Amino acid sequence: MERIQLSSPHLLGLEGYPREDILAILDTARGFLKVLKQPIPKLPTLRGRTVLNLFFEPSTRTQASFDLAAKRLSADLVNISPKSSSVVKGEHLLDTLRNVEAMRVDAVVVRHRAPGVPHFLARHTRAAVINAGDGAHEHPTQALLDLFTLREHFGDVRGLRVAIVGDVLHSRVARSNIFGLSTLGAEVILVGPPTLVPSEFTRFGNVRVVHRLEDDLLQAVDAVMALRIQKERLEASFFGSLREYHRLYGITRERARRIRGVLMHPGPVNWGVELERGAEEETTTLILDQVTHGVAVRMAILYLLLPPLEG
Ligand code: CP
């Protein structure tokens, strides 16, 4: 598989990330998706390389898919979680990094509640740092797998109309998707209450904000990305109640029937809040395709950031 040189040794976010690099990752992921469909979905490409998963916040999809991606490429993998590490004894993040670096890891996949932690680590390590979600800031690998899913379904992202519905304010997934979709030439409609949809993104010419989830919109867009309500990051009352939120912005079975395009969600879903259970059966739903594609996209990221060892 062709190995294109990315312009940065790290993947920290999609704000300002070059279009050519996004396309290189998506093209490479296409090849790996084919590998994943083979009877033995494994390659020797990263033999001798070591990937460290450093997850300070819970994760199912991102951590498991980086885990699988590393193993499918024959890299060695170490998982560190705060509860079972010396972080509970008060070890500073930088000391943790220096110690794991002394074990010669090649890539650090980090998720942390504080925005900017991956950027901080990238300044202090020779390893490739991959942002697996930093607070409400960015989640670039999720957006890349969302872009990949749209591209696989529609053939191209350019010219698509994508509605991102819900808690944009606290959503790193929304932020990374806004950047990635804008770079690839999609139109983005942010939908939610004024308290949860900041107008700052309208600085991009392709982004607009609406506060009502109208049937006309559901019929006009190619994709509806429902966002998870970030209960753990909501510090004040941003809407009346979860019940009211569901009534105004939830994808109910009835609303799902009106979606002309596809329904997406990054997971985990708060059923009964942003999606009514059963809504996924009423329209074309790509939620599990997103999860499948996550492995291929993360394989592509590891492959492009870590050159295979010689010999
Ligand atoms: N979409 C996503 O980041 O899921 P996890 O929190 O399970 O990794």
Looking at (1) in a helix (DSSP H, G or I); (2) closer than 26 Å to residue 159 by Cα, can you tell me which one residue 225 breaks? (1)
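Out of curiosity, is residue 28 within 16 Å of the ligand (Cβ to nearest atom), modelled with pLDDT of 95 or more and among the polar types (S, T, N, Q)?
Numbers: within 16 Å of the ligand (Cβ to nearest atom): no; modelled with pLDDT of 95 or more: yes; among the polar types (S, T, N, Q): yes.
Taking the combined requirement at face value, the residue does not satisfy it.
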Go through the range 145-181 and count every residue that is assigned to a helix (DSSP H, G or I) and not charged (D, E, K, R). 15
Does the range 197-218 contain any residue that is within 24 Å of residue 286 (Cβ to Cβ), in contact (Cβ under 8 Å) with a residue 40 or more places away in the chain and acidic (Asp, Glu)? yes
Among residues of the range 51-61 being within 23 Å of residue 91 (Cβ to Cβ) and under 15 Å from the mean Cα position of the chain (by Cα), the residue surrounded by the fewest Cβ atoms within 10 Å (Cβ to Cβ) is 58
Quick check: is even one residue across the range 76-92 at pLDDT 95 or above and open to solvent by less than 30 Å² (accessible area, probe 1.4 Å)? no
Residue 7 on the phi < 0 side of the Ramachandran plot, of a type in the set (Gly, Ala, Ser), open to solvent by 40 Å² or more (accessible area, probe 1.4 Å) and in a loop (DSSP other than H, G, I, E, B): yes
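With respect to residue 307, is the statement that it is open to solvent by 40 Å² or more (accessible area, probe 1.4 Å), within 16 Å of the ligand (Cβ to nearest atom) and part of a loop (DSSP other than H, G, I, E, B) true? Explain how you work it out, then say what you get.
Values: open to solvent by 40 Å² or more (accessible area, probe 1.4 Å): yes; within 16 Å of the ligand (Cβ to nearest atom): no; part of a loop (DSSP other than H, G, I, E, B): yes.
No: the conditions fail for residue 307.
Tell me yes or no: at least one residue of the range 287-300 is outside any helix (DSSP H, G or I) and either among the hydroxyl-bearing types (Ser, Thr, Tyr) or open to solvent by 40 Å² or more (accessible area, probe 1.4 Å) (or both). So that I can check it myself, show each step before the final result.
In the first step, residues of the range 287-300 are kept if they are outside any helix (DSSP H, G or I); the result is none.
No, the range 287-300 has no match at all.
Would a scan of the range 228-246 turn up a residue that is part of a strand (DSSP E or B), of a type outside the set (Ser, Thr, Tyr) and away from the ligand (no atom under 16 Å from the Cβ)? If you could, list the steps in order and put the result at the bottom.
Taking the range 228-246 as the starting set, the residues that turn out to be part of a strand (DSSP E or B) are none.
The answer is no; no qualifying residue exists.
Does residue 172 qualify as being in contact (Cβ under 8 Å) with a residue 24 or more places away in the chain, open to solvent by 60 Å² or more (accessible area, probe 1.4 Å) and within 30 Å of residue 118 (Cβ to Cβ)?
Numbers: in contact (Cβ under 8 Å) with a residue 24 or more places away in the chain: yes; open to solvent by 60 Å² or more (accessible area, probe 1.4 Å): no; within 30 Å of residue 118 (Cβ to Cβ): yes.
Taking the combined requirement at face value, the residue does not satisfy it.
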Please enumerate the residues belonging to the range 109-138 that are open to solvent by 10 Å² or more (accessible area, probe 1.4 Å) and within 15 Å of residue 298 (Cβ to Cβ). 111
Over the range 10-35, the set of residues open to solvent by less than 10 Å² (accessible area, probe 1.4 Å) and assigned to a loop (DSSP other than H, G, I, E, B) is 14
Criterion violated by residue 44 - all others in (1) part of a helix (DSSP H, G or I); (2) at pLDDT 95 or above; (3) surrounded by fewer than 17 Cβ atoms within 10 Å (Cβ to Cβ) satisfied: (1)
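The values are calculated or read from the model by the stated rules, or taken from the named source; none is laboratory data. Please read all numbers here as calculations on a predicted model, not as lab measurements. Cβ sites come from the backbone with ideal geometry, for glycine too, and all protein chains shown count toward neighbours. Surface accessibility is based on the protein's heavy atoms, side chains included, excluding ligands, DNA and RNA. Shrake-Rupley method; radii C 1.70, N 1.55, O 1.52, S 1.80 Å.
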